[in-house]
Amino acid sequence: MQRIKRLKWTVLLVVLALVIVGCGDGDAEEEPAATTAAAPATTAAPEPGDQEEPAPEPGDQEEPAPETTTTTAAPAPPPEPVTVRAAVTGDEGTLTPYTYISGFPGWNLLMLQYDSLMQLDAAGVPQPWLASSVNVSDDLTEWSVTLVEGVTFHDGEPLTSDDVAFSVEFYTTNPEASRFARDFRGVADVVVHDDYNVTFVLESANPGFDVVALADAPIIPRHIWESVELPSEHQFAGGTNIGSGPYMLTEYVDSQSYRFAANPNYFRGAPAVDELVVIVFADDAGAQAAIRTGEVDVIFERIPPEQIDLLDAQDPLDVILGPEFATQMINYDASIRPFDDVAVRQAINLAMDRQDFVDTVYLGAATVGSPGWIHPGHSVYNPGIATDVYDPAAANALLEGAGYADTDGDGVREFDGQPMSFEIITNASDSLRLRIAELTVEMLAAIGIETEVLPVDTGVWENAVWPGFDVNNGRNYQIAMWGWSPPVQADPLRLPWLVHSSLDRGFLNLTGYGNAEMDELSEALAVEPDPAERKAILGRMQEIIAEDLPFVLLLYPDGAYVYDSSVYADWEFIAGQGIVSKLSLLPPSARP
Amino acid sequence: MAQYSVVVVVAVTLNFLLPRLMPGNPLALIAGVDVGMLTPDQRADIVARVGLDAPLWLQYFRYWGDIFTGDFGFSFRSSRPIVDMIWERIPWTLLITGLSLVVSAVVGVLLGALSAWRRGTKGDLSMLSGMISVESLPSFWLGMVLISLFAVQWGLLPSFGAVTPASDLEGWAHVWDIISHAIMPVAALSIVGTPGVYMTMRYSMLETLGEDYIRTARAKGAGERRVLFGHVARNTIAPVITVLAIRLGFAFGGTVIIETVFSYPGLGRLVFEAVAGRDYPVMQAAFLVFTAAVLVANLLADLLYPLIDPRTRTS
């Protein structure tokens, strides 16, 4: 009896163990169901009768003539195909114009597969790309584009004016891809003259149309998208993302990896990197470990300042640095006491030791902020704006003179009978921003303003500073750490968005700021055809910002990217965008 | 059965409400970084498209509809069908949590029994304090230490993921690829999971060893082996089964921290990303999977108990 009982017990345990192991092992053999898209055949013949154009010419005009072997020596072996494995932190969806996720690096990966009419060069200036020329009328309302001839999509279909007009129409009638719908907002008509000439007619003058639209929106093929009804839910099952770009997405495994194959028929020349594997990490620590082990060759995200020297010191890793127009700044609610008083805002500005932020928090890998908002490396920077304004004594004198005295001797000044004591709200997930906030507390204490850091979840922080992402909802904060992504500053014509008192135009005006002269300048800027005049207007706007302080700009983090130089080293740093672009992967001769 | 139905209704309701009670706005996720540049019309369009403009009660009934049809719609974040996303993740999660459950169960039970059998000895006490120390290790730290030793320092194991991306491996090479990627996550999970089983086993066994019937068994001359396996083990195992059943239920939830540290594509990471981005439909569907798994594991424990412990048989 005992023996039987013992046996039963043992069997039970073994069965339980087997059930559990079975669950795990059985599944281990299975491939996870991956959204695997077959590589499009680049040699596919055009549909008969589909297009009037003849079959596209292979190759392109910029490619050197094929070498002829005249010597008797054995021909050189073909070069080893170059595969680059890149790390990103976070999945980016299926990477169509309607499903990519983040503005960086999602949009950048999207644009490896597609082309825009213009392309930013290394200096961040738009150059003709799919366009061979771009001409704008004197009143800035008509933009005429001539396309490069012979460009084809990945499936061999030619890219013509018709696809350009279709793209604009598709984005505006399916506004779920909000970025591209916005790009073409204000386009009254797209006139197709012939296969290679098209004119954008705008409702009103837009001097920045080349940067915000022509160099931003991917041109999509009519023959693929015209049958798509719900673009944001369309899965492109079996097919793939057909664009005209240097890379084709051949495989996507959610939250694991993307596989891109080079498009050998790319109109600017075949890419220098034959295969790009983009690996999705859950966090940046994982990506940094993997580049140390050699499991990835480049990280498509900015690396944190404390990693720059560590990674650079390891062979064969190198770090490339460059200007990015991201910002770290202090916002306050300028519509409430005491921040409605310009003296208080100026005092806060004077109390900020910007160099200390750069040295202590960023270990030097940042640029000291201009109180006038625009990066000193930007083409429209007003050199009359000083960046070394740190002067706590002057700040104290300013507050004293404006009547903010410390009457009860507790080290904290008072306003309207209350102590100047505030909360600084910030998102806990950004450790650098958190450290800036902590230093800000010390710097403000030195001028008799008591503050306390309130680190919260990103959603809570956004909702306090920018409720519902709509400035019409007002704000629920006193002081906040804030920052904008590079595009907001890269195009200086967006400056009115931040400072215009009408919430319609100032839809990024998160501080409730208003100034009549600023509003006038903002409106003049939008219709000024002369670039030199626009620069002058922007110069004056920077002066007002530095004086009036709608917000306090602290610094611009530099972009820092790490790569394995033994695998691939020709990375191109686009000012304001970083290294994640098709330019980095094309041979230098094919770059603008 | 009625009890289980009530639990399901309450759990489903909570799954629906919890995401919506969190502060933060899913609009940012749906519209991407450019959310602030939308016109009010565009904003309303987006909210209507994903059904967030409907009154709460209607959204709630739609969620019940989703449950019965098994169609949870599309993720706000990646615009992919949620059912696909969950099915892709489940095998990976079960692989590492299942294996680590087995390892920690076997090691925990054996060491726990050994410790209790030799209670009060130097071996028992040092093992006990060792287990307490291990239990207090933060799992993310443990994961990072494993990565820096086995991947960065010695280059023995891959540092991330479930497979080598774009490797085109087939057959045994593919199997080995999966195993080598699972070793570190399984090790980390097993290490942090063992002390709980060990403690339960040791405590439960100490209690049993103090019972009168054990003394009786010894008094009538039963051998040590007979006492251990015939009397002690059988009366000890019930609480351990409870602990393991609960863990089995939670195994479907994966493990947010370990899956994040190792960039492992399991359910835990999916939920982490969904919560961070307020991806309501993904959260609702994933929570439902967890609920179902916990309930099934509970049921399993309820059914197993009478087999192990005759005293709980109701007939």
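Of the listed requirements (1) in contact (Cβ under 8 Å) with a residue 12 or more places away in the chain; (2) open to solvent by less than 50 Å² (accessible area, probe 1.4 Å), A:GLY401 misses just one: (2).
Identify, please: which residue in the range A:530-575 is over 30 Å from A:THR141 (Cα atoms) and of a type in the set (Val, Ile, Thr) and is, among those, nearest to the chain's Cα centre (by Cα)? Looking at the filtered set, the residue picked out is A:VAL562.
Out of B:VAL109, B:VAL103, I need the residue that is surrounded by fewer than 20 Cβ atoms within 10 Å (Cβ to Cβ) and either under 17 Å from the mean Cα position of the chain (by Cα) or modelled with pLDDT of 90 or more (or both). Which one?
Working: B:VAL109 fails: surrounded by fewer than 20 Cβ atoms within 10 Å (Cβ to Cβ).
Going through B:VAL109, B:VAL103 in turn, the sole match is B:VAL103.
Is one or more of the residues making up the range B:279-295 surrounded by 23 or more Cβ atoms within 10 Å (Cβ to Cβ) and outside any helix (DSSP H, G or I)? Yes, there is a match, as at least one residue in the range B:279-295 is surrounded by 23 or more Cβ atoms within 10 Å (Cβ to Cβ) and outside any helix (DSSP H, G or I). Got at least one residue in the range A:214-224 being over 30 Å from A:SER137 (Cα atoms) and in contact with a helix residue (DSSP H, G or I) (Cβ under 6 Å, 6 or more places away or on another chain)? No, the range A:214-224 contains no residue that is over 30 Å from A:SER137 (Cα atoms) and in contact with a helix residue (DSSP H, G or I) (Cβ under 6 Å, 6 or more places away or on another chain). For A:ALA394, the requirement of being within 14 Å of chain B (Cβ to nearest Cβ), open to solvent by less than 40 Å² (accessible area, probe 1.4 Å) and over 30 Å from A:ALA526 (Cα atoms) is not met. The residue list A:TYR568, A:TYR556 contains one member that is under 24 Å from A:ARG302 (Cα atoms), touching a residue at least 40 places away in the same chain (Cβ under 8 Å), more than 14 Å from chain B (Cβ to nearest Cβ) and not in a loop (DSSP other than H, G, I, E, B), which is A:TYR556. Residues that are more than 21 Å from A:ALA123 (Cα to Cα) number at least 1 in the following strands (runs of 3 or more DSSP E) confined to the range A:317-386: A:317-322, A:328-332. For the range B:145-164, the set of residues classified as outside any loop (DSSP other than H, G, I, E, B), more than 7 Å from chain A (Cβ to nearest Cβ) and either touching a Lys or Arg at 6+ places or on another chain (Cβ under 6 Å) or not polar (S, T, N, Q) (or both) consists of B:VAL145, B:LEU146, B:LEU149, B:PHE150, listed by residue number.
Could you tell me how many of the residues in the range B:71-91 are within 25 Å of A:PRO231 (Cβ to Cβ) and open to solvent by less than 50 Å² (accessible area, probe 1.4 Å)?
Looking only at the range B:71-91, we keep the residues that are within 25 Å of A:PRO231 (Cβ to Cβ), and these are B:71-88.
Within this subset, residues satisfying the condition of being open to solvent by less than 50 Å² (accessible area, probe 1.4 Å) are B:72-73, B:75-83, B:85-86, B:88.
Number of matching residues: 14.
Restricting attention to the range B:47-70, the residues being more than 31 Å from the chain's Cα centre (by Cα), aliphatic (A, V, I, L, M) and either within 7 Å of chain A (Cβ to nearest Cβ) or open to solvent by 40 Å² or more (accessible area, probe 1.4 Å) (or both) number 3.
Does the range A:321-341 contain any residue that is open to solvent by less than 10 Å² (accessible area, probe 1.4 Å), touching a residue at least 24 places away in the same chain (Cβ under 8 Å) and among the hydroxyl-bearing types (Ser, Thr, Tyr)? Checked against the condition, which is being open to solvent by less than 10 Å² (accessible area, probe 1.4 Å), touching a residue at least 24 places away in the same chain (Cβ under 8 Å) and among the hydroxyl-bearing types (Ser, Thr, Tyr), the range A:321-341 yields at least one hit.
Given the range A:460-550, what helices (runs of 4 or more DSSP H) lie entirely inside it while holding 1 or more residues that are within 14 Å of chain B (Cβ to nearest Cβ)?
Working: elements: A:486-490, A:495-499, A:516-527, A:531-548.
Hits in the range A:460-550: A:486-490, A:495-499.
Considering (1) within 20 Å of A:GLY90 (Cα to Cα); (2) part of a loop (DSSP other than H, G, I, E, B), the lone condition that B:ALA222 does not fulfil carries the number (1).
Consider the range A:92-112 and keep the residues that are of a type in the set (A, V, I, L, M, F, W, C) and open to solvent by 10 Å² or more (accessible area, probe 1.4 Å). The one that is farthest from the other protein chains (Cβ to nearest Cβ) is A:MET111.
For the range A:310-320, taking the residues that are away from chain B (no Cβ under 14 Å) and in contact (Cβ under 8 Å) with a residue 40 or more places away in the chain, the one that is farthest from the chain's Cα centre (by Cα) is identified as A:PRO316.
Out of A:GLY243, A:GLY269, report the one residue that is at pLDDT 90 or above and in contact with a Phe, Trp or Tyr (Cβ under 7 Å, 6 or more places away or on another chain).
Values: A:GLY269 fails: in contact with a Phe, Trp or Tyr (Cβ under 7 Å, 6 or more places away or on another chain).
Only one candidate qualifies: A:GLY243.
If you take the residues of the range B:222-233 that are within 14 Å of another protein chain (Cβ to nearest Cβ) and open to solvent by 50 Å² or more (accessible area, probe 1.4 Å), which of them is modelled with the lowest pLDDT? Can you show your working first?
Filtering the range B:222-233 down to residues within 14 Å of another protein chain (Cβ to nearest Cβ) leaves B:222-223, B:225-233.
Next cut, open to solvent by 50 Å² or more (accessible area, probe 1.4 Å) only: B:225-226, B:229.
Values: B:ARG225: 79, B:ARG226: 80, B:PHE229: 74.
Of everything passing the filter in the range B:222-233, B:PHE229 is modelled with the lowest pLDDT.
Across the range A:387-403, which residue is farthest from the chain's Cα centre (by Cα) among those that are under 14 Å from A:ILE449 (Cα atoms), small (Gly, Ala, Ser) and in a helix (DSSP H, G or I)? Here the answer is A:ALA397. Considering the range A:174-194, the residues that are out of contact with any strand residue (DSSP E or B) (no Cβ under 8 Å at 6 or more places or on another chain), acidic (Asp, Glu) and farther than 24 Å from A:LEU120 by Cβ include one that is surrounded by the fewest Cβ atoms within 10 Å (Cβ to Cβ), namely A:ASP194. Listed by position, the helices (runs of 4 or more DSSP H) contained in the range B:1-86 that have at least 3 residues being at pLDDT below 75 and out of contact with any Gly (no Cβ under 6 Å at 6 or more places or on another chain) are B:27-31, B:40-49. Consider the range B:168-178 and keep the residues that are surrounded by 13 or more Cβ atoms within 10 Å (Cβ to Cβ) and out of contact with any Leu (no Cβ under 8 Å at 6 or more places or on another chain). The one that is farthest from the other protein chains (Cβ to nearest Cβ) is B:LEU169.
Conditions tested, residue by residue: (1) open to solvent by less than 20 Å² (accessible area, probe 1.4 Å); (2) under 22 Å from A:GLU251 (Cβ atoms); (3) among the β-branched types (Val, Ile, Thr); (4) not in a helix (DSSP H, G or I).
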{"position": "B:ALA166", "(1), (2), (3), (4)": "no, yes, no, yes"}
{"position": "B:SER204", "(1), (2), (3), (4)": "yes, no, no, no"}
{"position": "B:PHE250", "(1), (2), (3), (4)": "no, no, no, no"}
{"position": "B:ILE257", "(1), (2), (3), (4)": "no, no, yes, no"}
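Selection of the range A:426-457 for residues being open to solvent by 20 Å² or more (accessible area, probe 1.4 Å) and not in a helix (DSSP H, G or I) yields A:ALA428, A:SER429, A:ASP430, A:ALA446, A:GLU450, A:GLU452, A:VAL453, A:LEU454, A:PRO455, A:VAL456, A:ASP457.
The conditions of being touching a Gly at 6+ places or on another chain (Cβ under 6 Å), aliphatic (A, V, I, L, M) and under 17 Å from B:ALA251 (Cα atoms) are not met by B:LEU300.
The values are calculated or read from the model by the stated rules, or taken from the named source; none is laboratory data. Bear in mind that the values here come from a model prediction, so they are computed numbers and not experimental data. Ideal geometry is used to build each Cβ from the backbone, glycine not excepted, and the neighbour counts take in all protein chains shown. Just the protein is used for accessible areas: all its heavy atoms, side chains included, with ligands, DNA and RNA removed. Shrake-Rupley method; radii C 1.70, N 1.55, O 1.52, S 1.80 Å.
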